[in-house]
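One structure, pasted below without further comment.
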């Protein structure tokens with residue numbers, strides 16, 4: 001009797017658990033719909049990045065017009081970089097950092113001082129807690 005109850009309980013648990021797992025897999029969007037692989041700005045296309053920046057920084061229409069091509073250029077350069085298999089991982093990382101810094105400085109040139117502060121905070125948050133600032137720090141004095 002005890003074994004029968006155990007078998008029934010186990011069977012019920014498995015029956016209930018399998019459909020949930022199957023539903024979870026069925027409802028997850030394909031990887032292509034979730035955005036491009038990678039981290040940070042590569043996940044969003046330039047239009048979505050601009051939309052996010054407009055919301056966060058309260059960009060004017062003129063600023064949006066100036067920033068969108070900068071975001072598109074950055075994405076194009078990043079995609080070309082990821083497709084270039086001739087680079088070492090270190091070289092790819094260095095070029096990626098240079099592309100980000102160039103893009104960030106061009107975007108900041110379009111922003112007001114208040115927007116620049118918010119943008120820098122957004123970039124710091126994107127890099128994560130404890131991450132070094134984008135700008136090169138001077139060498140330590142001895």
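Can residue 80 be described as surrounded by fewer than 13 Cβ atoms within 10 Å (Cβ to Cβ), part of a helix (DSSP H, G or I), at pLDDT below 95 and more than 13 Å from the chain's Cα centre (by Cα)?
On the way: surrounded by fewer than 13 Cβ atoms within 10 Å (Cβ to Cβ): yes; part of a helix (DSSP H, G or I): yes; at pLDDT below 95: yes; more than 13 Å from the chain's Cα centre (by Cα): yes.
Yes, satisfied.
Being modelled with pLDDT of 95 or more and closer than 29 Å to residue 112 by Cα is true for just one of 69, 41, 46. Which residue is that? Before the answer, list the steps.
On the way: 41 fails: modelled with pLDDT of 95 or more; 46 fails: modelled with pLDDT of 95 or more.
Sole residue among the options that is modelled with pLDDT of 95 or more and closer than 29 Å to residue 112 by Cα: 69.
The values are calculated or read from the model by the stated rules, or taken from the named source; none is laboratory data. All figures in this text were calculated on a predicted structure; none of them were measured in a lab. Quick reminder, even Gly has a Cβ in these numbers, built from the backbone with ideal geometry, and neighbours come from all protein chains shown.
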